[in-house]
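Written out below as structure tokens is the structure these notes cover.
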Amino acid sequence: MSTFRMVKSQQVRCNPWSAHFEDVGVGSKFSVQIYQWASSNNRDAIRDRQGCNERFPAHLSFAQSTQSYFAEEILPMHVFVAERLSFLLLSFILDYSVYHLVPHGYMIALVLLGSSSTLLTFQLRPFSNSLEAALLALSLVAYQRLYRSPTKAVLTCFTALVVFGIFTRITFLAFALPIVVSTLLNLWHGSSRNRISFLQNLAYIAFAALTVATALVLVDSRFFYGSFQHLAFTPYNLLLYNLSSENLAKHGLHPRWLHVTVNLPMIVGPTLVAYGLKAGWKHLTLPSALNGRSAASPSRSINSICVYVIMISLVLLSVQPHQEPRFLTPLLVPFIVLVANHGIQNVGRWFWIITMALNFALALVFGVLHQGGVVRSLLNLHELINVGTTQNRSTIVYWKTYMPPRHLLAIPRHHEQKASVTDLAGSSPLEMQQALSSFTPEYTMLYLVTPPFAVQQLPSDIRSCFSTKSLVFPHLDLDHIPESVAMGWKDGLSLGIYTSSPGCLHSHPPSYH
């Protein structure tokens, strides 16, 4: 196996695309994540860290660990393009699904999908939510086909999609629950309420689900532990993690109404939300919407499912206090299907003008500006770290940024000890000083990656140790807008890469007053 495979510790704020770094520690006074490139043969390190590393399934981590199969040294831009290209291809599943779920007027539905800022930003990024959205869309297609012709082959595919979705993200249960319940009800009605026939179908579903789940558990266990002596139950571990308020607080706590009032219009679009609410209300008030299978056509049935998917998922996801916009990415297709099947063809010109203008603005903000310097800073650091002798060791500190996708450093195998990465996230300036003073002299160079306003929050003697290597433009930090504005348009829209030597930082201990 490759030295590009990395080991992840319990302290990591887990993300399937930042996985597998080894925690080398900087002390116990404060919580800091510091990682170094580790050998894939270090199985004991994996087995000793059972909390975090198996909360994300192996099928979401392969992109990082396979890069060294192709070359001794690979450019991080190639890895970046490969990731984005793979998710671009994945996004066509949404087009395929919309085409089949909207029997009339599918061209307008495809235009709504293709012009969506969510499709152009979140869906094209290597998030587990992107895969979750594709699996939900395919589940809706499978449900529609089951409604028309409940064959064993389609039932098997539907079951596999649901199980695979749950292993991808435990929140898939919230989206798939109405589809699963409706499928069981349809099977009950389709069997003419024959109990034996219905139980046979249930047994078949249970067997298919158990087979797929067993295969995924074995794959995860082999990936994380290197053997089958320890089993990794990814959905269970993820559920336990999210039930802990302490864990969620590390990612940020939000009001319960944030999904409904802010995140939903941001992901789906205000105009689609407005028309979706109108279409949903109209659909629910029709008597045939609740009269079961005999009174509903396949088109009306899929509309009902989309309504319930939207309602139930919003309620269940709003219970969790940590609410990010990308969590609602799977709702894009249900909204488009619901609106397109309820006469979106008759909307006026202003609908399209407003929709396209908002999509352009959101795509610009979230596709280019927001945290836009993080990836490019890693590409720059790759060049900086690989310049010089192999004896040089560098430590990279990210502060006041989103979690950097560390695999984009693409450190070659013969330089695997040249760099470590520390993610300080939103730590206070005092915690930042403590981290800086904890680095050992074995590191010959320290790179600090942070917005310029954050450097100004450090004491002057600490600031004097840093020199500006480069400024990555543009980089918008929506979490610190007032501080960014105060720095001016150029520095306020930049991410700085600063250099220092650990010796200078050790000569200035942290100030506790």
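The values are calculated or read from the model by the stated rules, or taken from the named source; none is laboratory data. None of the values given here were measured: they were computed from a predicted structure. In this analysis, Cβ positions are derived from the backbone assuming ideal geometry, glycine residues included, and neighbour counts consider all displayed protein chains. Just the protein is used for accessible areas: all its heavy atoms, side chains included, with ligands, DNA and RNA removed. Shrake-Rupley method; radii C 1.70, N 1.55, O 1.52, S 1.80 Å.
Given a 1.4 angstrom probe, what's the average accessible area per residue across segment 102-185, in square angstrom?
On the way: 2730 Å² over 84 residues.
Here the residues of segment 102-185 average 32 Å² of exposed surface.
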> Pairs K152/K282; K418/K490; K400/K469; K250/K469; K250/K418: which are spaced more than 24 Å apart, C-alpha to C-alpha?
Replying inline: K152/K282; K418/K490; K250/K469; K250/K418
> Taking a probe of 1.4 angstrom, what is the accessible area of V485 in Å², to the nearest 10?
Replying inline: 100 Å²
>> Leaving out ligands, DNA and RNA, and with a 1.4 Å probe, what % of the accessible surface on segment 115-215 is carbon or sulfur?
In response: 72 percent
> Looking only at segment 128-156, which residues have a backbone nitrogen under 20 Å from a spot 7 Å from the Cα of S192 in the C-beta direction?
Replying inline: 147-152
